[in-house]
Each structure stands twice: as structure tokens, then as C-alpha cells.
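The numbers here are math on the coordinates, done by the rules we state, and not lab data. Small disclaimer: the values here were computed from a predicted structure and weren't measured. Backbone-built Cβ (ideal geometry, glycine too); neighbour counts: all protein chains shown.
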Amino acid sequence: MRSLPILLPAAVILARACPLASIRQIRTWRLRFVEHDTSDVARPAGWSDVVDARAVPHGPGRPTDLVGDGFRAVWDAPRHVEGPVRLRGDLVVDPLDGHPTTGRIHRLRLLTEVVRDERVVALTARDLSAIPKVVDDGRPADGDTALDVRTRDRGVLVDLELGVA
């Protein structure tokens, strides 16, 4: 079994721009690759930020395709890249512009960030049986005072089993 961790961002869930889904269902997700620098915050087990794929450019000013073992994603490459690549970043659900990738949902985890002075200092993961309809975006409710430490949901980490039809 080849498992692919993808991030379903909180903003996509709040916009209701993703299908409702639960464990063991087969779903198609539209993916974008987002590069990032290394982080001081530990990631949940099984969520690697290293992606091995083949870059397929489409010309200046156009996104590059990333084609990996069982997946495709759009990548806004910072320069012309072609051929095998090893990148650091996340495969993120992009319902508008991403490329479709289909798989069976193996595991779902709600990712919650602890934020201090607008910097993420910790990340926790809680297992779910289905994607929630709402998540906590971390904004203070009416009447709340600003806190120097707060939590917010980053999104849902979807472990997708590839190669199923």
C-alpha cells in the first residue's frame, strides 16, 4: 500500500469547498504542491514534508506539473525545473486549480496549532472518523479579549491510499 499524506486546509473546509468524506471511502482530491522552509514544529507521525516526483514544465508564467508515484499536483515552481525533483513542502487540496488524484481514505487527523505571538509553537493531531463540517479558525469570538496564546485548526491531514480503483 502506498500512502500519500495530503493537507485539507481549514479555509477549504470552512468554505465548504470539499466533499464530505470518511475513512475507507474513495475520493478524488485536486492537489497543489506548496513549498516551505523547514519548521521548528514537529510534524505528526507519518506526515513527511519530502516529496519525490518528476517536474513537467509548461512554459514561462505557467505552473509546473508534479507527477509522483500515484499522484499529480500543480506546483508554482520558482524557476524552470524539469525531470526528477525532491522537494520540501506539502501536498494541499486546491479545489479550483489542483490536479486530480484518487485514493481510499486510510486515516483522518485534525491538525491543531498552538500559536503564541502569531508564531506556531506546537502542532497536535487528533484522529477523526470523518471530515468535520466546521473547524476552529482561531479568531476570538465577540467579547473575547486577545490572548497571547491561542489554538487554531490548521486543517485535516488525509492519509490517502493510492492505487485503488
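Each Cα pair of the chain feeds into the Kirkwood radius, which the Stokes-Einstein equation turns, at 25 °C and 0.890 mPa s, into a diffusion coefficient of 146 µm²/s. Taken over region 29-127, the convex hull of the Cα atoms encloses 125 Å³ per residue. Dipole magnitude for the chain: about 580 debye, using +1 per Lys or Arg Cβ and -1 per Asp or Glu Cβ, origin at the Cα centre. Under the criterion of Cα pairs below 8 Å and six or more residues apart, the relative contact order for the chain equals 35 percent. Going by the alpha-carbon gyration tensor, a ≥ b ≥ c the square roots of its eigenvalues, is region 1-71 rounded (a/c under 1.5) or, if a/c is not under 1.5, prolate (a/b greater than b/c) versus oblate? In terms of gyration-tensor shape, rounded.
For region 61-125, the list of GluC sites (Glu not before Pro) that fall in a loop by DSSP and count at most 15 other C-beta atoms within 10 angstrom reads Glu82, Glu118. The calculated FRET efficiency for the pair Ser3 and Glu118, based on their C-beta separation and a Förster distance of 25 Å, comes to about 0.15.
Assuming R0 = 22 Å, can you tell me the calculated FRET efficiency for the pair Ala42 and Leu14, based on Cβ-Cβ distance, to the nearest 0.05? List each step's numbers first, then the result.
Working: r = 26 Å, r/R0 = 1.17.
Calculated value: 0.30.
State the extension gain, in nm to one decimal, for the chain segment bounded by Asp97 and Lys133, taking 0.36 nm per residue of separation less the distance between their alpha-carbons.
10.8 nm
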